[in-house]
Amino acid sequence: MDVIGNEEAKTAFVDWLNNKRGTKKAVLLYGPPGVGKTTLVNAAAGEFGLKVIEMNASDARSEKAINRVAGPATAFVALDTFSTESKGSILFMDEVDGIAGNEDRGGVSAILKIIENSRIPVIMAANDPDLDKLRPLKKVSALIRFHLVRIPLIISLLQKVCQREHIAAEFEALERIAENSSGDVRSAINDLQSLGETTKTLTLQDTVMLKARNRDISMDETLRGYFSAKSLLEASMLLSRSNVDYDDFLMAVGDNLPLRYPDPADLAKAYDFVSRADMYKGRIGTENWHLLRYFYNSLAEAAATSPESYKPFTLISPPIRVITLFWTKGKRTMLDGICAKIGHLCHVSHASAKMDFIPFIKVMMARNKADGVMSWFGLQPAEVEFLANMTRF
Amino acid sequence: MATNEESVMWVEKYRPKKLDEVVDLKDIVTSLKAFMRNPKTMPHLLLAGIPGTGKTTVALCIARELFGQNWKTFTLELNASDERGIDTVRERVKDFSRYSRAAFGNVPFALIILDESDQMTGPAQTALRRIMETSSRTSRFILICNQSGKIIEPIQSRCAIFRFSKLDRQAMIEQLCCIAKNEKVSLDNEAAERIVDYAEGDLRHAINALQTASAYREGVVDEKTVSQVIGEASPIQVQLMIRKALNGEFVEARKMMYDLIGSYGFSGSEIVRQMQRELFKMSTLSPEQKADLADVIGEYDYRLTQGANSDIQLSALLAQFAKVGKAKGETC
């Protein structure tokens, strides 16, 4: 079976399916999300030729609803002792810990009834088996525990996926994706897919924005519509319909505008409108929200600067600012630490230390004349080395 | 704790310790010395003027003259541009006035020097005004700023204001020569003139340039050395960014902008200010072109203060440069 990890759980589940279920009529698979509970059920069904009758959390869990979907299946399915030769059915209820509140009143007792009357195996899956209300289910079920999948297994799975999808990926990138998933295979595959959609060569750098990407779908749509708008009106309509975050959107527009307007005159004009929009944003502050319409108006004008020049282009989606700040944080922290030492001894702000002292110290260093100065500032060897290697600004 | 009193940086080594040693500020020094004779009469002070004209030096001299050797115990030095917000300022002032309540001799207060106070926002200044009031029994403030206009009226009216103008050329040259003599550096006249031109009235800048130049060629500082040092210490990245933009390489220029922000932690307004300074040094532009571009920079400098996102304003400014560069049809 192509399900990775959780070997014990797999064996236990197959044993249970193969009539070794002892006195328990049902089985409860439990463990963190994305480790293969649902996948295992489907894979096993495929392998043993079973039909899966599925219910999940999105279905209403009232007694009525459960009886409607599962009742007929459990009551009328042939009386055959379910075996691997004759094709049978299994009832699979995913996310049974989702049973909660008024809407699902009676859900647990309905499931209990089903288990009691069922002639086909009943399989349940849950993330958190410790919930009090699941206790009655646990009493009548065999329990199979799933663990987080180990990172190396996820990496090798991702490698297989890449091979199949013709994605050339750096090992480090896959490693980052796998680590980022912290053992959740599903999320790792989702991340790989969303990254693989834009690039067929995946580097470590591409993985930085994983978190931000995952919620960016409506942002991308808005941006595409925005940049391809054929008129001021179309751009305004689109902006009024979209509910993307203003700041994120402004940042994305700032990054993508040069791709939209290759002509410098158009670009300058469009940026001027975006700059005006940003000024309105600044003036809105925390209270003048009535200015928002002017913000949108200016943004729409930027989109409609020269509609006829539109050519499709690939969006830059992780904001350049966020990526830059992420990769340079170490440098900034180091430089600020050095500036703090200089500022303290020379009675200047960190900013002034950077502007008025560092350039001169760099010149002295280039001539090997800065040792005294640097030891007076109390710079550590790492800081001295950092300054020596820093490109001058 | 052992401290190394002998400073290695000349700006500190030659920073005047007494008001009398301060160059070129006769009027200010005379009035301040009147306060020193009877410290009880000293009000809060506001020292305003461009960088490197002696404001911090005067403030530190006052601290020394009031408290003598123990000045550090009775003085709290804060820099508004380094503190994260008015709350940290409030906490530090509160803690400080609590522990330094014991008066020193005939000085019934402790001293709080708040540098770059015009970097504080309006609301923060209003809060500062409250702090000044509540701690007035135990503390005196010396506020230092570049532009007194950026300090709110209620604070200005509580302070005696001293304005520091651009230092006199001759006084700066004399100071440089005096330092050179002390350090056994031969500094010729053209070199001193060149340094003073470069420093634009900022003595700190001038002294740093002198010290660097003297390290450059074993104690001989001539004009050529100075030019070399100035060239090597000037902000090359900003120059490059301007050139790229003027060449129409907007995306490259914007990449450099992000490098300045990311790798060096420059703020939007710092970059704009550097652009303004570097623009006038560019030899490939005519005076008229420089004036036009400076006007553009000025507009976006203003927009930065109004806007919410400095990246957008900087990008828009670079786009304007790229447009001008294209219209000009030449490369720099």
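The values are calculated or read from the model by the stated rules, or taken from the named source; none is laboratory data. The structure displayed is predicted, hence computed values, not measured ones. Cβ sites come from the backbone with ideal geometry, for glycine too, and all protein chains shown count toward neighbours.
Determine if the stretch A:346-355 includes at least one residue that is closer than 30 Å to residue A:241 by Cβ and either small (Gly, Ala, Ser) or touching a Pro at 6+ places or on another chain (Cβ under 7 Å) (or both).
no
When you check residue A:361 against the structure, is it at the interface with chain B (Cβ under 9 Å from one of its Cβ atoms) and touching a residue at least 24 places away in the same chain (Cβ under 8 Å), yes or no?
yes
Looking for something within 31 Å of the chain's Cα centre (by Cα) and within 14 Å of chain B (Cβ to nearest Cβ) - is there at least one such residue anywhere in the stretch A:235-243?
No: the stretch A:235-243 contains no residue that is within 31 Å of the chain's Cα centre (by Cα) and within 14 Å of chain B (Cβ to nearest Cβ).
Quickly run through the stretch A:218-264 and pick out the residues that are among the small types (Gly, Ala, Ser) and under 21 Å from residue B:313 (Cβ atoms).
Scanning the stretch A:218-264 gives A:252, A:254.
Return only the number of the condition from (1) surrounded by 15 or more Cβ atoms within 10 Å (Cβ to Cβ); (2) touching a Gly at 6+ places or on another chain (Cβ under 9 Å); (3) part of a loop (DSSP other than H, G, I, E, B) that residue B:81 does not satisfy.
So the condition that residue B:81 fails would be (2).
Taking the criterion of being exposed (fewer than 13 other Cβ atoms within 10 Å of the Cβ), within 14 Å of chain A (Cβ to nearest Cβ), at pLDDT below 85 and under 29 Å from residue B:212 (Cβ atoms), would at least one residue in the stretch B:5-23 satisfy it?
Yes, that holds for at least one residue.
Can you find, within the stretch A:146-202, the residue that is modelled with the lowest pLDDT among those that are in a loop (DSSP other than H, G, I, E, B), out of contact with any strand residue (DSSP E or B) (no Cβ under 8 Å at 6 or more places or on another chain) and over 25 Å from residue A:126 (Cβ atoms)?
Step by step, filter the stretch A:146-202, then rank; the result is A:199.
Among the residues that make up the stretch B:289-300, is at least one of them at pLDDT below 90, within 19 Å of residue A:257 (Cβ to Cβ) and facing chain A (nearest Cβ under 10 Å)?
No, there is no match, as no residue in the stretch B:289-300 is at pLDDT below 90, within 19 Å of residue A:257 (Cβ to Cβ) and facing chain A (nearest Cβ under 10 Å).
Picking from B:112, B:179, B:142, which residue would you name as being surrounded by 14 or more Cβ atoms within 10 Å (Cβ to Cβ), closer than 23 Å to residue B:22 by Cβ and assigned by TED's automatic domain parsing to the domain that holds residue B:218?
The unique qualifying residue is B:179.
Please indicate, with yes or no, whether at least one residue in the stretch A:357-369 is on the phi > 0 side of the Ramachandran plot and either in contact with a helix residue (DSSP H, G or I) (Cβ under 7 Å, 6 or more places away or on another chain) or outside the structural domain of residue A:235 (by TED's automatic domain parsing) (or both).
Yes, the stretch A:357-369 contains at least one residue that is on the phi > 0 side of the Ramachandran plot and either in contact with a helix residue (DSSP H, G or I) (Cβ under 7 Å, 6 or more places away or on another chain) or outside the structural domain of residue A:235 (by TED's automatic domain parsing) (or both).
One residue is enough: does the stretch B:198-210 have a residue meeting the conditions farther than 30 Å from residue A:266 by Cβ, outside the structural domain of residue B:21 (by TED's automatic domain parsing) and among the polar types (S, T, N, Q)?
yes
Quick one: in the stretch A:282-317, of everything that is charged (D, E, K, R) and touching a helix residue (DSSP H, G or I) at 6+ places or on another chain (Cβ under 7 Å), which residue is modelled with the lowest pLDDT?
Checking each candidate, the answer is A:283.
Here are the criteria: (1) touching an Asp or Glu at 6+ places or on another chain (Cβ under 9 Å); (2) facing chain B (nearest Cβ under 7 Å); (3) basic (Lys, Arg). Tell me which single one residue A:341 does not satisfy.
Only one criterion in (1) touching an Asp or Glu at 6+ places or on another chain (Cβ under 9 Å); (2) facing chain B (nearest Cβ under 7 Å); (3) basic (Lys, Arg) is unmet by residue A:341, namely (2).
Any idea how many residues of the stretch A:292-324 are surrounded by 16 or more Cβ atoms within 10 Å (Cβ to Cβ), within 12 Å of another protein chain (Cβ to nearest Cβ) and part of a helix (DSSP H, G or I)?
8
Residues in the stretch A:359-393 that are among the β-branched types (Val, Ile, Thr) and crowded, with 21+ Cβ neighbours inside 10 Å: how many?
Here the count works out to 3.
Determine whether the stretch B:259-277 contains at least one residue that is over 21 Å from residue A:368 (Cα atoms), modelled with pLDDT under 90, in a loop (DSSP other than H, G, I, E, B) and not assigned by TED's automatic domain parsing to the domain that holds residue B:57.
no
Could you list, in sequence order, the residues of the stretch B:215-258 that are more than 8 Å from chain A (Cβ to nearest Cβ), part of a helix (DSSP H, G or I) and within 19 Å of residue A:369 (Cα to Cα)?
Across the stretch B:215-258, the qualifying residues are B:224, B:225, B:226, B:227, B:228, B:230, B:231.
Any idea which of (1) part of a helix (DSSP H, G or I); (2) under 25 Å from residue B:272 (Cα atoms); (3) in contact with a Leu (Cβ under 9 Å, 6 or more places away or on another chain); (4) at the interface with chain B (Cβ under 10 Å from one of its Cβ atoms) is the one residue A:374 doesn't satisfy?
With respect to (1) part of a helix (DSSP H, G or I); (2) under 25 Å from residue B:272 (Cα atoms); (3) in contact with a Leu (Cβ under 9 Å, 6 or more places away or on another chain); (4) at the interface with chain B (Cβ under 10 Å from one of its Cβ atoms), residue A:374 is out only on (2).
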